[in-house]
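Q: One structure is given below, represented as structure tokens, and several questions about it will come after.
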Amino acid sequence: MQNMEKFLQAVSQGKYDERLRRLYVFHDTAEELEAARAKVSHVIEGFEKAFPGMDCTGAAVFSGPGRTEIGGNHTDHQHGCVLCGSVNMDILACVVPTNDSVVKVVSEGYPALTIDLNDLSIHSEEVNTSAALIRGVAAGVAKEGFALKGFCAYVSSTVPGGSGLSSSAAYEILVGNVFNRFSCDGKLDAVKLAQIGQYAEREYFGKPCGLMDQAASSIGGVVAIDFNDPSQPVIRKVDYDLARSGYQLYIIDTRSCHADLTDDYAGITQEMGAVAAFFGQKVLREVDEAEFYAAIPAVREKLGDRAVLRAMHFFAENSRAQAQAKALDEGDMEGFLALVRASGRSSSELLQNIWSVAVPAQQAVTLSLALAEKALGGRGAVRVHGGGFAGTIQAFVPQDLEQSFVASLEAVLGEGACHAVSVRPEGGCMVMSSEEE
């Protein structure tokens with residue numbers, strides 16, 4: 001483990017401090033810097049304990065960030081527009097390449113995984129598991145023509161599972177970057193890695209997701225993405241520093257798990273798809289909005305009112321995501337916040353993804369939204385975040401209200417429910433390599 005000891009020494013001596021500042025978006029306080037160093041050292045030390053005596057030649061640390069959906073709730077899977085960003089909460093892994101075709105992963109709090117890369121078939125028993133994501137990403141990389149190499153990894157996460165920060169996408173992008181480093185010589189770009197992550201989640205994990213989560217995690221920064229052609233999404237960086245706007249972005253964990261709500265998410269995709277099919281199209285982006293509104297009586301008769309309402313949400317939200325990006329381009333924070341509030345209302349009233357009909361007694365998202373609006377007192381903005389039904393909400397909180405806002409929400413949801421997050425400028429990446437020593 002001599003290589004690992006040199007690795008730890010380089011971290012403690014500050015060789016990677018600038019890199020850590022960029023990824024974890026903090027100022028120069030000693031506490032923040034020490035916490036970032038400790039986070040990296042933790043996964044290196046975890047690897048040493050999980051794989052004792054291993055030859056650690058080529059060891060590297062990788063990061064897959066969580067993402068925040070800033071605009072475009074459930075628009076991506078209909079080839080719409082989104083505004084999103086990677087955040088400074090991530091899944092971190094210390095990884096060592098091996099000379100075989102086996103992937104071994106030890107993740108904190110979970111059973112160890114072993115994946116044979118000679119078998120890239122879909123395993124039904126792996127649906128909704130990390131094993132499915134690893135195997136799916138491996139299959140996606142192999143489809144690009146690369147010979148896969150095995151590795152051992154120790155993984156630690158600050159992206160809460162089922163939180164709306166998309167821990168699954170962060171994991172996919174993490175694994176994709178590992179394969180890109182050790183099997184592809186870095187030849188896969190951020191967009192291709194996002195597409196491979198989506199393939200893994202749809203085909204192997206069993207969730208019919210769009211591409212937004214993976215793209216935000218992979219690309220980094222605040223980005224406006226147009227998925228009109230998902231094979232070639234149009235991606236544009238939005239140069240706006242939310243931290244200097246006078247507002248702090250919070251992701252609030254409603255302490256409700258959405259791990260078993262795949263059918264609810266799938267229902268949105270299916271109903272929007274059914275409306276598109278009514279007009280002979282595959283997705284709503286291909287449907288003329290005026291033609292849709294003219295045909296509502298016939299559509300609701302055939303597909304029901306909820307499908308109509310969800311389609312109405314798509315058309316408005318797709319335009320709204322573009323308007324949000326424009327508002328940030330122009331430095332119009334108040335206009336941006338008004339659009340955030342409108343997005344939240346549309347998700348609640350039209351998309352209807354703030355509670356599940358399968359468990360009507362559990363309405364933690366609805367309750368959290370109400371509490372947040374009360375705490376903000378008409379200032380800032382709040383909306384459902386991500387897939388919805390459970391998980392998290394998003395709030396833009398005036399900095400002078402932060403203390404009272406957090407106290408009010410956590411009095412009900414529990415200590416630690418409110419996470420102040422920053423958009424980090426870089427997506428999934430290799431953080432450091434022992435070969436740099």
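Q: Residues being assigned to a helix (DSSP H, G or I) and over 13 Å from residue 306 (Cα atoms): count how many of those fall in the stretch 265-289.
A: Of the stretch 265-289, the ones assigned to a helix (DSSP H, G or I) are 265-278, 284-286, 289.
Subsequent filtering for residues that are over 13 Å from residue 306 (Cα atoms) retains 265-266, 276-278, 284-286, 289.
Number of matching residues: 9.
Q: Given (1) more than 24 Å from residue 263 (Cβ to Cβ); (2) open to solvent by less than 10 Å² (accessible area, probe 1.4 Å), where does residue 351 come up short, assuming only one miss?
A: Result: residue 351 fails condition (1) only.
Q: Something else now. Just a yes or no: is a residue in the stretch 72-82 open to solvent by less than 10 Å² (accessible area, probe 1.4 Å) and closer than 15 Å to residue 172 by Cα?
A: no
Q: Collect the residues in the stretch 238-275 that are open to solvent by less than 30 Å² (accessible area, probe 1.4 Å), among the aliphatic types (A, V, I, L, M) and more than 20 Å from the chain's Cα centre (by Cα), keeping them in residue-number order.
A: 272, 275
Q: Wholly within the stretch 1-83, which helices (runs of 4 or more DSSP H) include no fewer than the required count, namely at least 1 residues that are at pLDDT 95 or above and not aromatic (Phe, Trp, Tyr)?
A: Values: elements: 2-12, 17-24, 30-50.
Passing ranges, in order: 30-50.
Q: Being farther than 26 Å from residue 226 by Cβ, buried (at least 24 other Cβ atoms within 10 Å of the Cβ) and out of contact with any strand residue (DSSP E or B) (no Cβ under 6 Å at 6 or more places or on another chain) narrows it down to one of 142, 194, 132, 200, so name that one.
A: Of the residues listed, the single one that is farther than 26 Å from residue 226 by Cβ, buried (at least 24 other Cβ atoms within 10 Å of the Cβ) and out of contact with any strand residue (DSSP E or B) (no Cβ under 6 Å at 6 or more places or on another chain) is 132.
Q: Going through 404, 433 one at a time, which residue ends up being more than 17 Å from residue 245 (Cβ to Cβ) and touching a residue at least 60 places away in the same chain (Cβ under 8 Å)?
A: 433
Q: What do you reckon, is residue 383 of a type in the set (Lys, Arg) and open to solvent by 10 Å² or more (accessible area, probe 1.4 Å)? Don't jump to the end; show me each part of the working.
A: On the way: of a type in the set (Lys, Arg): yes; open to solvent by 10 Å² or more (accessible area, probe 1.4 Å): no.
No; evaluated as a whole, the condition is false for this residue.
Condition check ((1) without any contact (Cβ under 8 Å) to a residue 24 or more places away in the chain; (2) surrounded by fewer than 20 Cβ atoms within 10 Å (Cβ to Cβ)) across all residues:
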position: 286; (1), (2): no, yes
position: 292; (1), (2): yes, no
position: 318; (1), (2): no, no
position: 344; (1), (2): no, no
position: 365; (1), (2): no, no
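The values are calculated or read from the model by the stated rules, or taken from the named source; none is laboratory data. Just so we're clear, the structure is a prediction, and the values are computed from it rather than from any experiment. Note that each Cβ is placed from the backbone with ideal geometry, even for glycine, and that neighbours are counted across all protein chains shown. Quick note on the areas: whole protein, heavy atoms, side chains included, nothing else; ligands and nucleic acids left out. Shrake-Rupley method; radii C 1.70, N 1.55, O 1.52, S 1.80 Å.
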